[in-house]
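Trainee: Before I ask anything, let me first share the structure, which is written out below as C-alpha cells.
None of the figures in this text is laboratory data; all of them are computed from the coordinates on show. Values in this document were obtained by computation on a predicted structure and should not be read as measured data. Positions of Cβ are generated from backbone atoms using ideal geometry, with glycine treated the same way; all protein chains shown enter the neighbour counts.
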Amino acid sequence: MKQDRRSSRIITYLSACSLLIALAVSCQTRQEDRPNSLINSGKQFGCPTAERAPKHKTIDYEHSILVSITADTKVFVGRDPVAQEGFGQKVKAALATDPRATVFLRIDQLAKYDIVATVVDMAFESGADRVFFVVDQAAAREPDAPGFDYSVPVRRCEPRDSFVVTLKQGKNDSLEVTINNRGFPSISELVAILPDLMSPRPPSNRHIFLKPANDVYYRDVIAVLDGAAGSGMEYFSLWTPESSKLFPDVRPKRQQSWVPIP
C-alpha cells in the first residue's frame, strides 16, 4: 500500500513538472513568435538616452512595426534582417494588414545619420503616418517606450520661421554645431541658450528644423532633440533627402530671413 502511494506521489510530481515545462515552452514560443518584438529583435542595441523625451507610447506588439538599426547599418523588422532595398516593401506589407500601425525605430546610438534618414524616408514613402524614435530612460520599462513622435513632414513651418540647427562632424571626431548661423562648441552649450530663444515665441512657433550631416552619430541627433524638448520645443522636422524636396533652398549661411541669434 505504501509503495503504491509513493508511486502515485512520484507520478503526480512528474506530471506537474511536465505541465510547468510545457507552459514555459509555450510562453517562450509565443514570445519568440511575435513578429515585431523589441525584446527579441535579434541584436543587442545601445539606444541613446533622452531623459526629457516628451512622449511615452505603450508598444502594442500586435499593431506595431518594430524596426531596429545596428551601428553597422543592419536593419531588422521584428526579428527578421532586411536588406535596405527591401525595407520599404516589408513596411508596406505590414501597413496593408494594419494601416494605422506606428513604426517604432530602435536605433543604435553609434549609427550614422545617413541610414536613419534613409529608413525614415522609406517608412513614409511606404505609407506610414508617423514614426517613433525609441530612446532609453532610467525609469522606463517595456512595453512602455519613451521617445520622440514624428509625423509625415509637411509645410507646417518653413525653415526660415524655425530654429535651424545644423550638425557636422569636424576634425578629430569633434562636432560643429550651429543654430541660425551662429556656431557653438558643443551641443550642451547650444541647449543652454534654447530656453531664452523659445520662451518669447508662441507654442505653435517653437519649432526645431534639424539638419545633421550624413556622418553625424545618431546619439548627437537625439541629444539635440532631448535638450530642445526640455527647453520648450513643441515639434521638430528632420532634414532627409525627401524633406529637402519640400525646402530646396535651405542654406543656413546664406538665408538672411531666419531669426537672428544675438
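Trainee: Show me, for the stretch 59-69, the HN-Hα J-couplings you get by feeding each phi into the Karplus relation (A = 6.51, B = -1.76, C = 1.60, θ = phi - 60°), rounded to Hz, glycine and proline as x.
Mentor: Whole-Hz 3J(HN,Hα) from phi for the stretch 59-69: 6, 8, 5, 7, 9, 9, 10, 9, 10, 10, 10.
Trainee: Let me ask another. Describe numerically, in nm with one decimal, the distance between label points set 7 Å from Cα along Cα→Cβ at Asp196 and at Asp215.
Mentor: Placing both labels 7 Å beyond Cα along the Cβ direction yields 3.3 nm.
Trainee: Multiplying the sequence separation of Asp72 and Thr97 by 0.36 nm and subtracting their Cα-Cα distance, what value in nm do you get?
Mentor: Extra length available between Asp72 and Thr97 comes to 6.0 nm.
Trainee: Can you tell me what the convex hull of the Cα atoms of the stretch 94-148 projects to on average, as an area in nm²?
Mentor: 4.4
Trainee: So which of Lys112/Lys168; Lys90/Lys211; Lys55/Lys168; Lys57/Lys211 end up more than 22 Å apart, counting from Cα to Cα?
Mentor: Lys90/Lys211; Lys55/Lys168; Lys57/Lys211
Trainee: Between Thr58 and Leu110, what length comes free when the chain is fully extended (0.36 nm per residue of separation minus the Cα-Cα distance, one decimal in nm)?
Mentor: So the chain would gain 16.2 nm between Thr58 and Leu110.
Trainee: Evaluate the distance, in nm, between pseudo-label points positioned 7 Å from the Cα of Asp80 and of Ser204 along their respective Cα→Cβ axes.
Mentor: So the label points at Asp80 and Ser204 sit 4.3 nm apart.
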